[in-house]
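The next block holds one structure in the form of C-alpha cells; read it before the comments.
The values are calculated or read from the model by the stated rules, or taken from the named source; none is laboratory data. Computed from a predicted structure; not experimentally measured. As a convention, Cβ positions derive from the backbone with ideal geometry for all residues, glycine included, and neighbour counts pool all protein chains shown.
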Amino acid sequence: MEIEIPYNLENYIGGQFLPPDSHNYIDNINPATGKVCGLIPNSSESDVNKAVQSAKVAFETWSVSSTEYRFKILNKIADLIDQYHEFLALAETNDNGKPLWLSKEVDIPRASSNFRFFATASIQFASESHAMESGINYTLRQPIGIVGCISPWNLPLYLFTWKIAPALAAGNCVIAKPSEVTPVTGYLLAKICKEAGLPDGVLNIVHGDGPNCGEAIVQHPSIKAISFTGSTRAGQRIASIAAPMFKKLSLELGGKNPNIIFADCDWNKMMFNTIRSSFGNQGQICLCGSRILIEASIYDKFKNEFIERAKRLTVGDPLLPTSKQGAIVSKTHFEKIISCIELAKKEGGRILHGGNAIKPSGRCEEGYFIEPTIIENLGPDCKTNTEEIFGPVVTLQKFTDKDEAIMLANATQYGLAASVWTQDISNANYMASNIESGIVWINCWLERDLRTPFGGIKNSGVGREGGWDAMRFFTEPKNVCIQY
Ligand code: NAP
C-alpha cells in the first residue's frame, strides 16, 4: 500500500472512505507551526447511523469468526503498524506537536504492541465454570455487539488502539472516533486495517468533534458499550447520557498525580524519572506526576538539582532530535495552561523556573510552546494543586513523615496514578496501600505490563482497561446452569 500524509481526511464506513454527509470540514492545525495542515470531516448523527448499519451487517460474521482468524488479522495489523512506523511517527508528531523521537520510541511501538497483545488474548481468553453437587455452571463470554471507542489527543494512536484492539479481539464491531485535534493516525489506521484484510464494517472510524460526532455515538441505541478516555468533564457528560440507557461504560479520566520522594530514595534514578514524569510529552500524559511531594530533609537539595535539570530541557521544533520538549497540542490548550500559570501566581505560587510561552525562530515561530514550569509555595487546597492542568507545570510541596505525605497525596478529587521513591520496602507497601489511586509505581514510572488493570478511582474514572479486564469489559457474561 502507498500511504502518504493526507490533507483531506475521510470517514471509514463499511470499508469505504467517505466524506461526511454534511460536507462540512474542520481545520486541522499543526501545533508546532500554528498553520492549517489539513481538513477533518465534521461528522454528525447521519454518519454515525451509516456506520452502525455497516457494523450490524459485519457483526453477523465477525462475532462468530474463529479466534484463530481474528488472531491472524489483528497480528497483521500490528505488523503493518511496525512496517509504517516511521511514517506514522511523523504523522503523529505533525498532528500533536510531540517530539518525533518520542513518537518513534513510544507512541507507535505501543500501538502495534496493543494489537499484538490482544491478537493473542483473542486465542487465550477463557471463562469460568463452577461445579455444584447437583450440576455445573459454565459462563459464556459473548461479544456485546456494536461498541463505541472515543479517545483523546495526548497519545493519539496509542490510546485509540488500546480500545479498538480488545474490542475487535472479543468479537465486537466498533464505531471509533479519534480526537478532532489529532485525527491523522486514526485515519491511517483505517488504511492499515483495509490492507490487513479486516472485513468491511468491522471497524468504522468517524471523525468530528466531541459534542456532535462523539455524542451521536454515545446516544445511539444500537451501540451497547462506550469505552471513553478523556477529561473528567466530558466523562460526566457521557455518563449522564449512557447510564440511563444502561450501556456498559469504561471511563478513563483526568488525574492530578502525586510523585512522592523520600530521603532514602535512589537519587539518580528518582531524578531521571521525575524529569520524565513531570515534563514528558509536555506534561500531557494522564499519568504525569504534577504534584511533587518531597521529604523536608531533602527539599532544598531536590529543588536545586531539579531546576538545573529542567533548564537543560530544550524546547523547540519537534522534528529536531535535539528538542526534548515539543509544542502544546493546540492554541486552546496552550491558552489554558498559560492561564493556569497566571492563576498559580495569584494564589501565591513562586515560579522557580519557566512560566512563559516560547517563540522558537524559523518554521515554529507561530507554534504553541511553553517552558517547563516549576512552582512552589502553594498549599494542598488551592486550585493549582487540586485541578488538572495537563501541561508542563509541576508544583513542589514538602512533607515531614509518611502520614503527611499520604494526606497530601490524597488531597484531590482524582485518583489515577502515584509514584513513590523509597528504598524501604515496608514504607513502600504502607504508601501503596494508603494512597487513593488505581495505579502505584514504586521506584519507577510509566512501566508497562499490558496484562495489568489500568484505570483510576474517584474522579479519575470507572472500570479498568488492559489484559483480561478489557476482554471482560468487551464481552457479556452469560451463565449456563446444567443439572446432572
Ligand atoms: P476531552 O476533551 O474529554 O476529549 C476526549 C475525547 O472525547 C475526544 O475525542 C473528544 O472529541 C471527545 N468528546 C468530548 N466531549 C464529548 C462528548 N460530550 N461526547 C462524546 N465525546 C466527547 O479530553 P482531551 O482534552 O482530548 O484529553 C485530555 C484529557 O484526557 C485529560 O483530562 C487527561 O487526563 C485525560 N486522559 C486520561 C487518560 C486515562 O487513561 N485516564 C489517558 C489520557 C488522557 P474532540 O476532541 O474531537 O472534541
* Of the criteria (1) under 30 Å from His333 (Cβ atoms); (2) surrounded by 18 or more Cβ atoms within 10 Å (Cβ to Cβ); (3) out of contact with any helix residue (DSSP H, G or I) (no Cβ under 6 Å at 6 or more places or on another chain), which one Glu92 fails -> (3)
* Identify the single condition in (1) surrounded by 15 or more Cβ atoms within 10 Å (Cβ to Cβ); (2) within 16 Å of the ligand (Cβ to nearest atom) that Thr452 does not satisfy, given that it satisfies every other one. => (1)
* **region 38-48: number of residues that are out of contact with any Phe, Trp or Tyr (no Cβ under 7 Å at 6 or more places or on another chain) and either buried (at least 16 other Cβ atoms within 10 Å of the Cβ) or acidic (Asp, Glu) (or both)** => 5
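Every residue, every condition in (1) farther than 21 Å from Tyr158 by Cα; (2) more than 22 Å from the chain's Cα centre (by Cα), yes or no:
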site: Ile205; (1), (2): no, no
site: Asn212; (1), (2): yes, no
site: Pro221; (1), (2): yes, yes
site: Gly230; (1), (2): no, no
site: Ala243; (1), (2): yes, yes
* Asked: In region 80-102, is there at least one residue being within 14 Å of the ligand (Cβ to nearest atom) and either charged (D, E, K, R) or not assigned by TED's automatic domain parsing to the domain that holds Asp27 (or both)?
  -> yes
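Report whether or not Lys224 is modelled with pLDDT of 95 or more, more than 14 Å from the ligand (Cβ to nearest atom), closer than 22 Å to Gln16 by Cα and surrounded by fewer than 24 Cβ atoms within 10 Å (Cβ to Cβ).
Working: modelled with pLDDT of 95 or more: yes; more than 14 Å from the ligand (Cβ to nearest atom): yes; closer than 22 Å to Gln16 by Cα: no; surrounded by fewer than 24 Cβ atoms within 10 Å (Cβ to Cβ): yes.
In short, no.
Going by the structure shown, is Ser54 more than 16 Å from the ligand (Cβ to nearest atom) and loosely packed, with under 15 Cβ neighbours inside 10 Å?
On the way: more than 16 Å from the ligand (Cβ to nearest atom): yes; loosely packed, with under 15 Cβ neighbours inside 10 Å: no.
So Ser54 does not fit the description; no.
Which of the helices (runs of 4 or more DSSP H) contained wholly in region 131-244 include at least 3 residues that are closer than 30 Å to Asn281 by Cα and aliphatic (A, V, I, L, M)? Give the derivation first.
On the way: elements: 156-169, 184-196, 215-219, 232-242.
Output list reads 156-169, 184-196, 232-242.
Can you spot a residue in region 51-65 that is at pLDDT 95 or above and touching a helix residue (DSSP H, G or I) at 6+ places or on another chain (Cβ under 7 Å)? So that I can check it myself, show each step before the final result.
In the first step, residues of region 51-65 are kept if they are at pLDDT 95 or above; the result is 51-65.
Still in the running and touching a helix residue (DSSP H, G or I) at 6+ places or on another chain (Cβ under 7 Å): none.
No: region 51-65 contains no residue that is at pLDDT 95 or above and touching a helix residue (DSSP H, G or I) at 6+ places or on another chain (Cβ under 7 Å).
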